[in-house]
Amino acid sequence: MKFVIAEMLHETNTFSPVPTDWARFEGWHAHFGADVEQEYAAAALPVAAYIRLAREAGAEFVTPVAAEAMPSAPVAAEAYERMCAPILEAVAAGCDAAFLHLHGAMVTETTDDGEGSLLERIRAVAPGLPIAVTCDLHCNLSAKIVENCTALIGYKTYPHVDSYDVGLHIGRVLLRALAGEIQPVMAWDRRPLLAQTLRMGTDDSPMRELIAMTREAEADGALAATVFGGFPLADIADAGLSAVVVTDGDAEAARTCTEWLLDAAWERREEFVYRGEPLGEALERAAKLDQGPIVLLDHADNVGSGGTQDVMTVIEAVTAKGLEDVAVAAVWDPAAVAAMTAAGVGAEIALSLGGKTAMPSIGREGAPLNISGQVKTISAGEWVVRGPMFTGARVSTGPTAVLDTGAVEIVVVSRHHEPWDLGIFESVGIEPANKRYLLLKSRIHYRAAFAAIAKHTITLDGEGVTTSDNARLRFEHVRRPIYPLDTFTN
């Protein structure tokens, strides 16, 4: 047998001003051919799971591309084609199956459904090709995605610490189908629910209970069962919560299970809406806590959902409040890094930090923070993730420096990166477990590494294009009516 194994990942925030050209993929992960196997074989990611299965099956395999960019604006047409073309060429060259790791929330300049369009094109080249797909929990599932693959699954954890396991899961389903042991059929549906990302943590209700239901369904015979929270910052018709179930030849059972999952989600729809509090009140609570580390979440500027990572609102409020022994990860400001590098370690420097990016979608101009301190560390920004999320993946934040104001140590990066691994601090000489406060531009992924050391967590409602305040966002293309943008009586 011969398999095609590939990855194409981007979570698109249509409100984000951060461009998604090919350079953005190159700055995170973009590998072709044999380099994919070398880069991914030991990582805790679906591509590594697929490679393992191919080897166990004694199959020949090709890895045309594995590419990912940090969430941002719609993907440039040229970048999209750079990823699609090698996959299509590999399929056209002949194969027995394709194993794909896709996100499910990719919007491009040419299509609102990047994954569905790719799968449709694959089917046009090889109409009967068996295709297994692993998607992110934040997939905005579409009919085009489901109709153009054989078996589909999504992560069951957020933070996403199970991506390797679900890759193995759906890969094995496809291998059983290839062996003639089973005949996968799928049913899917969705509800008019634009669930908010801050309410999708799988350690919390209501996702915790929904995920338990998917595991129950699989224990009762479903080949795979998934609830997708969806990605609500994509203003497209397909955005929102959905579910998909794979069974062995029993379409009615798949349909019944899908509706069971979605009915449960709809009944708890109010729990999918984040209820915030004024920033000042949250900081008052933070100041009264004694035992650290205390995690402070600047969630409205989370680059892991498409934030600019240079909004200084929360950092300014924290410094004005007089909080001390604070470490911040991270502010994106290549110019500030260059200035600190030129000044050198130990130099005293005054910076106009952050605030370089305007955000037209929320009517906000960039607002830098004038701040002074000492250059504590200068780094190349290269390190390897220790996990448990994406263990073994290599990270590059580009040239990186730390500004120490005395009360606050700020990690400043040249490439966007969400702080979901301790390496964001440890790579620049900061021991996060010893800090009183850890100010993170993150939502839920921080839990992967920081939950184990955090004594308290406080969510800070700042500003940015990953805001949970729907009133700040102008939705024009999402299907309507949809909760909570619209009212439902049942």
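The values are calculated or read from the model by the stated rules, or taken from the named source; none is laboratory data. Every value quoted in this text rests on a predicted model; they were computed, and no experiment measured them. Cβ sites come from the backbone with ideal geometry, for glycine too, and all protein chains shown count toward neighbours.
The number of residues in the range 371-412 that are part of a loop (DSSP other than H, G, I, E, B), β-branched (Val, Ile, Thr) and closer than 30 Å to TYR155 by Cβ comes to 3.
Might you let me know whether the range 354-364 holds any residue that is under 23 Å from ALA317 (Cβ atoms), in contact with a helix residue (DSSP H, G or I) (Cβ under 9 Å, 6 or more places away or on another chain) and crowded, with 22+ Cβ neighbours inside 10 Å? Taking every residue of the range 354-364 in turn, at least one turns out to be under 23 Å from ALA317 (Cβ atoms), in contact with a helix residue (DSSP H, G or I) (Cβ under 9 Å, 6 or more places away or on another chain) and crowded, with 22+ Cβ neighbours inside 10 Å.
Residues in the range 40-62 that are surrounded by 20 or more Cβ atoms within 10 Å (Cβ to Cβ) and over 21 Å from GLY154 (Cα atoms): PHE61, VAL62. For the range 115-234, the strands (runs of 3 or more DSSP E) that sit wholly inside it and include 1 or more residues that are within 20 Å of the chain's Cα centre (by Cα) and in contact (Cβ under 8 Å) with a residue 24 or more places away in the chain are 131-135, 151-154, 224-228.
Looking at the structure I just gave you, is ARG275 over 18 Å from GLY406 (Cα atoms) and out of contact with any strand residue (DSSP E or B) (no Cβ under 8 Å at 6 or more places or on another chain)? Judged against the criteria, ARG275 is a match. Per the listing ALA336, ALA300, the residue uniquely buried (at least 18 other Cβ atoms within 10 Å of the Cβ), over 19 Å from the mean Cα position of the chain (by Cα), of a type in the set (A, V, I, L, M, F, W, C) and over 21 Å from ALA449 (Cβ atoms) is ALA336. Any residue in the range 38-46 that is of a type in the set (D, E, K, R), in the same structural domain as ASP238 (by TED's automatic domain parsing) and in a helix (DSSP H, G or I)? Yes, that holds for at least one residue. Just one of the numbered conditions (1) touching a helix residue (DSSP H, G or I) at 6+ places or on another chain (Cβ under 8 Å); (2) buried (at least 23 other Cβ atoms within 10 Å of the Cβ) is not true of LEU88: (2). For the subset of the range 432-490 comprising residues that are polar (S, T, N, Q) and over 25 Å from PRO388 (Cβ atoms), which member is modelled with the lowest pLDDT? Only one residue fits best here, namely ASN490.
Here is the figure for the range 436-471: residues that are farther than 15 Å from ILE294 by Cα and among the polar types (S, T, N, Q) total 4.
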